[in-house]
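Here is the structure we will look at, set down as structure tokens.
The values are calculated or read from the model by the stated rules, or taken from the named source; none is laboratory data. Just so you know, these numbers come straight off a predicted model, no measurement behind them. Every residue, glycine as well, gets a Cβ built from its backbone with ideal geometry; the counts of neighbours run over all protein chains shown. Heavy atoms of the whole protein, side chains included, go into the accessibility calculation; ligands, DNA and RNA do not. Shrake-Rupley method; radii C 1.70, N 1.55, O 1.52, S 1.80 Å.
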Amino acid sequence: MATYCLTVARLQLALGHGARRLHVSAAYRAKAKVAMSRFEPTSFVNYKKLQSNVEVVRKRLNRPLTLSEKIVYGHLDDPHNQEIDRGRTYLRLRPDRVAMQDATAQMAMLQFISSGLPRVAVPSTIHCDHLIEAQIGGVKDLARAKEVNHEVYNFLSSAGAKYGVGFWKPGSGIIHQIILENYAYPGVMLIGTDSHTPNGGGLGAICIGVGGADAVDVMAGIPWELKCPKVIGVRLTGSLSGWTSPKDVILKVAGILTVKGGTGAIVEYHGPGVNSISCTGMATICNMGAEIGATTSVFPYNHRMRTYLEKTGRGEIAAVADEYEDLLVPDEGCEYDQIIELNLDELRPHINGPFTPDLAHPVSEVGAVAKKNGWPLEVKVGLIGSCTNSSYEDMGRAASLAKQALDKGLKCKAQFTVTPGSEQIRATIERDGYSRILSDVGGVVLANACGPCIGQWDR
């Protein structure tokens, strides 16, 4: 990095700041290798290879490509000869990395060990988040989980150390938030042993939930097979405002597509409305795409992602992504298998359910609909958090509402729990007073884990 900074200084002295972007970017490309994460200094972001593969495929298909096609086809094992037909052929792919949660990582690591290979072929990580049962509160629940799952955690930690797999200990956070904060970046292809792995699409990544056997194939260096996905385009116009949140986008889409409508397809969001959504908001939308059966979901690279990368200590990746921006957005004139138009100016807050996640109703109508259909009217428990609702933005919205209630002398009558997405989120909301506000209004702050979301709690 010192060499790069010296190069920048010399170019600016010779050419002036006006020529900085053109000349400095060329120097950066020529000299700098950017690590995929701060934990893997010898594994590098490789946009050059991605671009090369995309150019081969674009020439073969002779048509503009969607963003999801660029990233998926850019990871083909054999881009020159692979048969490509959306919805029909099977692709042999080379994902960049693997992530596993602790419940599924156990069998995956046992299978990998049986392969006899000395180390994993691609960067891989284990995240201890699913085995922490929510019962009392964060500190006590975490201590109990460490005691009950001592043998499991020891196995995963020692196996990870031996075979080159990163290990995120219990309490460090939920797998999807950790990936967003540390490992996802525009253009990367990641497979994870959890259905909500698509969360990483909020950073322009293709992140797909798989079974443990698929993860083992990739860790062993074997091409991974995926049926060539169709592409559903969701064009966003207007901008979010008022009480409308990013979640309302996917709640509305779920109501349109139903729980089966995304099967065999990647949902690709695009259009001018994208820029009104935060990076963590885009991640939430992609995360919940699992509820419509989608292979994954993705957003195009923009300034929101750049800012998030910079704020999470990955400014170097953002700088390189800027140089390859054309690679990280859909081609003009690309064609989708289905198009959904959504005007964010007209979108209103929604509630989906009960019984199925595609039963969408505007909040203003749900009370009357519930009475008409004889649905339960008493709200007994609220869950704030999980991998879907656990970003700093989500916690801030909840704390703002809680503060308004406290100012009016109100407290919650129903139980509710708060699950931060990561230790970084937990520490930040504690620093800014959000934890205290949420506790004062009647909430219980739990461990940074998946407990309530997957039913691991005391009801």
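Would you work out what percent of the accessible area of the stretch 248-397, with all protein chains in place, is carbon or sulfur (probe 1.4 Å)? Write down the numbers at each step before the final one.
On the way: 3420 of 6630 Å².
Answer for the stretch 248-397 is 52 percent, counting heavy atoms of protein chains only.
Accessible surface comparison of 168, 224, probe 1.4 Å, protein chains only, largest first: the order is 168, 224.
Cβ-Cβ distance of residue 378 and residue 337, R₀ of 51 Å, FRET efficiency by 1/(1 + (r/R0)^6): the value works out to about 0.75.
When the Cα positions of 352, 377, 429 are compared along the charge dipole of the stretch 351-455, 377 comes out farthest toward the positive end, with charges on each C-beta of Lys, Arg, Asp and Glu.
Accessible surface calculations at 1.4 Å, restricted to protein heavy atoms, place the chain at 45 Å² per residue.
Counted residue by residue at 0.36 nm each, then reduced by the alpha carbon distance between them, the extension gain from residue 88 to residue 121 reaches 9.0 nm. Take the Cα radius of gyration of the stretch 185-270 and divide it by 2.2 N^0.38 Å, N being the number of residues; the result is 1.26. Residues whose amide H lies under 5 Å from that of residue 359, counting only those 5 or more places away or on a different chain, are 353; hydrogens are built 1.01 Å from N in the peptide plane. Divide the volume of the convex hull around the Cα atoms of the stretch 93-173 by the residue count and you get 92 Å³ per residue.
Can you give me the solvent accessible area of residue 107 with a 1.4 Å probe, rounded to the nearest 10 Å²? About 110 Å², ignoring ligands and nucleic acids. Taking max minus min of the alpha-carbon positions on each principal axis, the stretch 257-371 gives extents of 54, 31, 24 Å, largest first. For the stretch 43-58, 3J(HN,Hα) computed residue by residue from phi via the Karplus equation (6.51, -1.76, 1.60; θ = phi - 60°) reads 10, 10, 5, 10, 5, 4, 5, 4, 5, 4, 5, 5, 5, 4, 5, 4 Hz, glycine and proline entered as x. For residue 187, the residues whose modelled amide H falls within less than 5 Å of its own, excluding neighbours fewer than 5 places apart on the same chain, are 205, 206. Across the protein chains, with a 1.4 Å probe defining accessible surface, the residues 314, 60 rank 60, 314 from largest area downward. Accessible area per residue (1.4 Å probe, heavy atoms of protein chains only) ranks 150, 361 as 150, 361, with the largest value leading. What number, in percent, do you get for the relative contact order of the chain if the mean sequence gap of Cα pairs under 8 Å and at least 6 apart is divided by its residue count? Computed over the chain, the figure is 18 percent.
In the stretch 216-273, a dipole from Cβ-located charges (positive for Lys and Arg, negative for Asp and Glu) runs towards its positive end, and of 219, 265, 236 it is 236 whose Cα lies farthest in that direction. What whole number of Å gives the distance from the Cα centroid of the stretch 351-419 to the Cα centroid of the stretch 201-263? Cα centres, the stretch 201-263 to the stretch 351-419: 24 Å.
Is the stretch 310-459 rounded, prolate or oblate when judged by the Cα gyration tensor, a ≥ b ≥ c being the square roots of its eigenvalues, rounded requiring a/c under 1.5 and prolate requiring a/b larger than b/c? It is oblate, given that a/c is not under 1.5 and a/b is not larger than b/c. With a/c under 1.5 counting as rounded, go ahead and sort the stretch 201-325 into rounded, prolate or oblate using the C-alpha gyration tensor (a ≥ b ≥ c being the square roots of the eigenvalues; past the cut-off, prolate if a/b is larger than b/c, else oblate). The shape class here is oblate.
To two decimal places, what compactness ratio does the stretch 33-75 give when its Cα radius of gyration is scaled by 2.2 N^0.38 Å?
On the way: Rg = 12.8 Å, N = 43, 2.2 N^0.38 = 9.2 Å.
After normalising by residue count via 2.2 N^0.38 Å, the value is 1.39.
As a calculated quantity, the FRET efficiency between residue 222 and residue 110 at R0 = 25 Å, using C-beta atoms, amounts to about 0.90. Between residue 167 and 126, the built amide H atoms are under 5 Å apart, and every one of these is 5 or more places off in sequence or on another chain.
Could you work out the equivalent-ellipsoid semi-axes for the chain, taking the square root of 5 times each eigenvalue of the Cα gyration tensor, largest first, in whole Å? Show your work: numbers first, answer last.
Working: eigenvalues 244, 146, 118 Å².
Over the Cα atoms of the chain, the ellipsoid semi-axes are 35, 27, 24 Å.
Excluding same-chain neighbours fewer than eight residues apart, the aspartates and glutamates reachable from residue 260 by a Cα-Cα span under 14 Å are 291, 358.
Rounded if a/c is under 1.5, else prolate if a/b beats b/c, else oblate: with a ≥ b ≥ c from the C-alpha gyration tensor eigenvalues square-rooted, which is the stretch 153-230?
On the way: a/c = 2.08, a/b = 1.25, b/c = 1.66.
Oblate, since a/c reaches 1.5 and b/c is not below a/b.
With Cα atoms as the point set, the stretch 350-422 shows a radius of gyration and Dmax of 14.1, 40 Å. Expressed as a whole percent, the accessible surface of the stretch 40-111 that belongs to carbon and sulfur atoms is 47, based on a 1.4 Å probe.
Phi angles of the stretch 79-94 translate, via the Karplus equation with coefficients 6.51, -1.76, 1.60 and θ = phi - 60°, into HN-Hα couplings of x, 6, 10, 4, 6, 10, 8, 4, x, 10, 7, 9, 9, 9, 10, 10 Hz per residue; Gly and Pro are given as x.
Would you kindly calculate the translational diffusion coefficient of the stretch 80-221, applying Stokes-Einstein with the Kirkwood radius from alpha carbon pairs, for 37 °C and a viscosity of 0.692 mPa s, and quote it in µm² s⁻¹ without decimals?
207
For the listed residue pairs 33/230; 372/413; 140/413; 48/252, the alpha carbons are over 27 angstrom apart in 33/230; 48/252.
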